[in-house]
Amino acid sequence: MKKMFLFVLLVVGCVSDGFAQDIDPLAVGVFIAGKGSMNLSKTQTGIENGFVVAPLSDFGVTGYIPVSKRKNMGVLLDLGLSSYSYSQKPTSNVTDDNTITHKFNYFTIGPSFTASYITFGFNLGLPMGVSRKNGSGSEVSTIDPFKVLTINEPKVDTIVYSDVKDNLQPILEIRVGTIIPIVKTSLGRLNVFANVGYMMSNLIKDEHFRLSSLKDTNPSVFSVSIGVNFLLGLESPESDE
């Protein structure tokens, strides 16, 4: 078993050295990815968050700029359309009608630094829309009702409505991941990549939540994405020899 383990380490080392010999040149291409995501914020009493997988959530164009002539180190820049989803359902008596999937769509700008197959960067998202669907796939209203107490006498409860669509805000997401070359040719290279993302901001403006006690329920998403990109080389690759 020990000899087998050492053999595997040797093979991995040789493969890594083989990849490291070719310095990736300036390149541009396209990417596509699927994503699983979940709301990390608190929920109202009796509601729980769920993880949602979207097989096709992100796509767009990508570019690579090398920053070293000896090592594969560079800057990646993704421009595209991205979505983040999560579900919410009651903690009891769950049905398709009360299981709601929330989906937020963004135009995203995602720069990251890459070295030794590791990537680190961030994703800035500009809101483009939001939708809600129940477990049967039917559209659900994005307008939320809030029961508030009037300031007039006698004080009574009244319902105030607010539409999520009118209260979307930009997002900032920190991303850590990996990018692994699968095929390299004189034309370009095909890579598989994976990212773990954590939002530093909320999806909705606090103004949407008419009760201060509900502002803690403003969603913020954790996500895991896996995809591929193809980068067309714009110059001849260099050798690290």
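The values are calculated or read from the model by the stated rules, or taken from the named source; none is laboratory data. Note that the structure is predicted; figures quoted are calculated from it, not measured. As a convention, Cβ positions derive from the backbone with ideal geometry for all residues, glycine included, and neighbour counts pool all protein chains shown.
Evaluated against (1) in contact with a Gly (Cβ under 9 Å, 6 or more places away or on another chain); (2) outside any strand (DSSP E or B); (3) crowded, with 16+ Cβ neighbours inside 10 Å; (4) hydroxyl-bearing (Ser, Thr, Tyr), SER92 falls short on exactly one condition, (3). Cβ separations smaller than 6 Å between residues 6+ apart or across chains give the following pairs from the range 188-212 residues that are farther than 30 Å from LEU76 by Cβ to residues that are among the hydrophobic types (A, V, I, L, M, F, W, C): ARG210/PHE146; ARG210/VAL148; ARG210/VAL160; LEU211/PHE146.
Looking across the range 36-56 at every residue that is touching a Leu at 6+ places or on another chain (Cβ under 9 Å) and in a strand (DSSP E or B), the one that is surrounded by the most Cβ atoms within 10 Å (Cβ to Cβ) is identified as ASN39.
Can you go through ILE65, ILE47 and tell me which one is touching a residue at least 24 places away in the same chain (Cβ under 8 Å), more than 16 Å from VAL228 (Cβ to Cβ), touching a helix residue (DSSP H, G or I) at 6+ places or on another chain (Cβ under 9 Å) and hydrophobic (A, V, I, L, M, F, W, C)? Full working, then the answer.
Details: ILE65 fails: touching a helix residue (DSSP H, G or I) at 6+ places or on another chain (Cβ under 9 Å).
Criteria check complete, one pass: ILE47.
Here SER83, SER112 are screened, and the one residue that is hydroxyl-bearing (Ser, Thr, Tyr), surrounded by 19 or more Cβ atoms within 10 Å (Cβ to Cβ), touching a residue at least 60 places away in the same chain (Cβ under 8 Å) and within 30 Å of PHE230 (Cα to Cα) is SER112.
Among the residues of the range 118-176, the ones that are outside any strand (DSSP E or B), within 23 Å of the chain's Cα centre (by Cα) and at pLDDT 95 or above come to 7 in all.
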